[in-house]
Amino acid sequence: MNPTRHAAFAQLSALAARPNGRRITPLYDADPTRAARFSATLDDLTLDYSKSSIDDAARDALFALAEAADLDGFRRRLFAGEPVNVTEHRAAMHMALRSPADAGLRAALPNGTDDASTLAAQERARMRDFVAAVHTGRKTGATGDHFTTVINVGMGGSDLGPRVVTEALTIGRTDALMQARFLANVDGHAFNAAIKGLDPARTLILIASKTFTTLETMMNAAAMRGWIAGALGEAAVGHHFAALSTNLKAVAAFGIQPEHVFGFRDWVGGRYSLWSPVGLVIPLTVGWDKFQALLDGAWAMDVHFRDAPPRENLPVLLGLVGIWHVNVLGCAAQCVLAYDERLRRLPAHLQQVEMESNGKHIGLDGAYLDYDTCPVLFGEPGTSAQHSFMQMIHQGTRAVPVDFILAANPDHDRPEAHRALAANAFAQAEALLRGRSAPAGEPYRDFPGERPSNTIMFRRLDAFSLGRLIALYEHKVAVQGCIWGIDSFDQWGVELGKELAAGVLPALSPGAAPGAHDASTAALIAGFRALRGEA
Ligand code: F6P
């Protein structure tokens with residue numbers, strides 16, 4: 001369905017075109033209960049979306065649009081494990097990874113179905129044993145030394161999700177069970193930084209790759225193998241590596257021993273895989289109980305998304321507010337500001353979750369879309385962001401909706417710092433809303449105001465609330481993908497660049513033929529070689 005051709009969309013456009021249709025402050029004047037009526041909660045988690053120009057009529061029209069897109073049917077099909085990833089003929093059943101073993105979630109296969117909840121629980125049990133063996137020293141490096149550091153080698157979803165969680169649960173704490181490092185980029189500088197100061201004898205290396213074919217990860221895995229073999233001998237490799245993948249054949253070829261291999265199925269998308277064995281670095285670093293709490297938090301959001309009516313459903317509401325901003329008001333960007341240093345990598349993870357999922361221009365029917373889909377997502381922790389790009393959000397020419405994210409209680413003993421952090425989050429949202437007119441003769445001090453934001457607030461940032469928060473965004477993406485009529489679970493857009501890189505690589509070797517390229521690329525290749533003295 002083209003959402004913009006539906007009657008509900010015409011109504012939304014008409015509502016936005018009213019004289020005050022894009023203003024927010026008059027809505028509070030007209031309704032003193034607005035803040036409560038345009039908020040929704042799940043336990044201690046609140047989503048306040050009242051700082052938007054959505055009124056009752058617009059909200060009803062957004063629900064009508066969701067109904068027209070058969071959002072209910074889509075949710076049912078998603079949780080039934082139907083192949084909602086239509087271009088790859090796969091289910092998107094990451095929810096099974098965090099479901100209880102007896103939840104009964106199944107995932108469609110080309111011929112039959114997987115008992116997804118059971119399979120996930122079985123692999124979780126293996127992971128748990130492995131983690132316990134590492135922590136107790138039953139499993140050691142080749143020399144018998146205990147592992148003290150784990151390096152996660154992976155890219156995209158095999159890096160960002162595990163990294164944001166591990167960082168969020170370790171920053172500022174002293175109770176990590178192992179030191180975690182991450183190697184994603186195929187860049188010798190990144191490799192050198194990843195191994196800097198480490199004792200290979202005490203280092204466990206996880207090769208995280210759903211496909212086990214990603215060029216960067218395979219090159220980094222080979223380099224890590226060389227590092228271990230060089231220091232401890234080839235026979236040590238088996239002790240120091242584990243693999244997290246769906247491609248068990250390729251893993252076997254790499255030479256990783258079967259009890260160090262943790263698998264999952266292709267009904268888990270890369271950017272939804274931190275809950276799978278790809279997240280193994282998390283329990284190794286913070287302990288199994290926290291990993292389980294993370295899964296429980298995400299599952300709480302799954303159940304809420306599956307069962308709550310649209311008016312109370314946080315992912316549905318967050319998704320629809322985004323549709324209002326992107327498609328009705330024409331906003332091209334979305335900012336995420338977590339007022340929490342521990343969430344400093346959250347925007348990077350959400351960039352992949354949102355932009356790889358919904359950055360699409362072809363609809364499910366194969367036709368070009370004539371309406372916008374995913375906005376550009378960016379963010380930084382608050383308050384740091386206030387001293388860099390927030391200038392544009394307050395005074396730029398275009399409105400950029402912001403999600404403010406905040407835990408009410410910190411886990412440090414500087415309450416005054418947390419109050420200052422929270423005061424800034426609230427004040428930024430208030431400034432965006434209220435604005436201020438410029439004093440006479442100083443037009444540059446004009447704050448237009450009427451700029452939208454959501455506030456997402458919860459009691460405390462811990463493994464449970466973090467799992468719930470990330471799952472909130474995952475399902476928001478699914479809601480929007482459903483309304484936009486696109487496949488949120490494929491990622492064909494990354495293929496062409498990968499293919500061309502494989503073609504360019506040989507041309508960068510000394511003496512190699514330059515190959516056939518456009519004039520700019522050919523000149524850049526020649527320039528690169530000249531600067532290296534390899535022309
Ligand atoms: O290139 C994009 C991508 O396929 C992502 O979707 C994925 O998260 C990442 O590469 C890494 O893939 P893999 O886990 O298969 O190495």
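Given Lys51/Lys498; Lys290/Lys476; Lys139/Lys476; Lys210/Lys360; Lys51/Lys210; Lys249/Lys476, which pairs have Cα atoms separated by over 31 Å? Violating the 31 Å limit, Cα to Cα: Lys51/Lys498; Lys139/Lys476; Lys51/Lys210; Lys249/Lys476. Taking every C-alpha pair closer than 8 Å and separated by at least 6 residues, the mean separation divided by the residue count of region 147-225 gives a relative contact order of 47 percent. Let me know the shape class of region 112-289, please: from the alpha-carbon gyration tensor, a ≥ b ≥ c as square roots of the eigenvalues, rounded when a/c is under 1.5, otherwise prolate if a/b is greater than b/c, or oblate. It comes out rounded by the Cα gyration axes. For the peptides 322-335, 220-233, residues were scored by their other Cβ atoms within 10 Å and the scores averaged per peptide; the highest-first order is 322-335, 220-233.
Over the residues of the chain, the helix contribution to mean residue ellipticity at 222 nm works out to -13000 deg cm²/dmol, using -39500 (n - 2.57) for each DSSP H run of at least 4. Coordinate range of the alpha-carbon atoms in the chain per principal axis, descending: 74, 59, 55 Å. Based on protein heavy atoms only, the chain ends up with 42 Å² per residue of surface accessible to a 1.4 Å probe. May I ask for the angle, rounded to the nearest 10°, between helix 463-484 and the longest principal axis of the chain, with both axes built from Cα atoms and the value confined to 0 to 90°? Tilt relative to the chain: about 70 degrees. The overall shape of region 91-181 is prolate: from the C-alpha gyration tensor, with semi-axes ordered a ≥ b ≥ c, the ratio a/c is 1.5 or greater and a/b exceeds b/c.
Principal-axis analysis of the Cα atoms of the chain puts helix 495-504 at an angle of about 50° to the longest axis.
Taking the C-alpha atoms only, the angle from helix 7-17 to the longest principal axis of the chain is near 70 degrees. Sorting 287-299, 181-193 by their mean Cβ neighbour count within 10 Å, with the most densely packed peptide first, gives 287-299, 181-193. The accessible surface of the chain, taken with every protein chain in place and a 1.4 Å probe, is 55 percent carbon and sulfur. Take every Cα pair under 8 Å whose residues are at least 6 apart in sequence, average their separation, divide by the length of the chain, and the relative contact order is 18 percent. Please report the orientation-averaged projected area of region 61-112, defined via the convex hull of its C-alpha atoms, in nm². Directional mean of the projected Cα hull area for region 61-112 stands at 4.5 nm². Between region 279-293 and region 108-175, the C-alpha centres lie 7 angstrom from each other. Under the combined filter of DSSP loop state and at most 15 neighbouring Cβ atoms within 10 Å, region 328-383 retains these chymotrypsin sites (Phe, Trp or Tyr not before Pro): Tyr371. Each peptide in 272-283, 470-481, 47-58, 134-145 gets a packing score, the mean of other Cβ atoms within 10 Å over its residues, and the list from highest to lowest is 272-283, 470-481, 47-58, 134-145.
The values are calculated or read from the model by the stated rules, or taken from the named source; none is laboratory data. In this text the structure is predicted, and so the values were computed from the model without any measurement. No Cβ is skipped: glycine too gets one built from the backbone with ideal geometry, and neighbour counts run over all protein chains shown. Side chains are part of the model used for accessible areas, which takes the heavy atoms of the whole protein and leaves out ligands, DNA and RNA. Shrake-Rupley method; radii C 1.70, N 1.55, O 1.52, S 1.80 Å.
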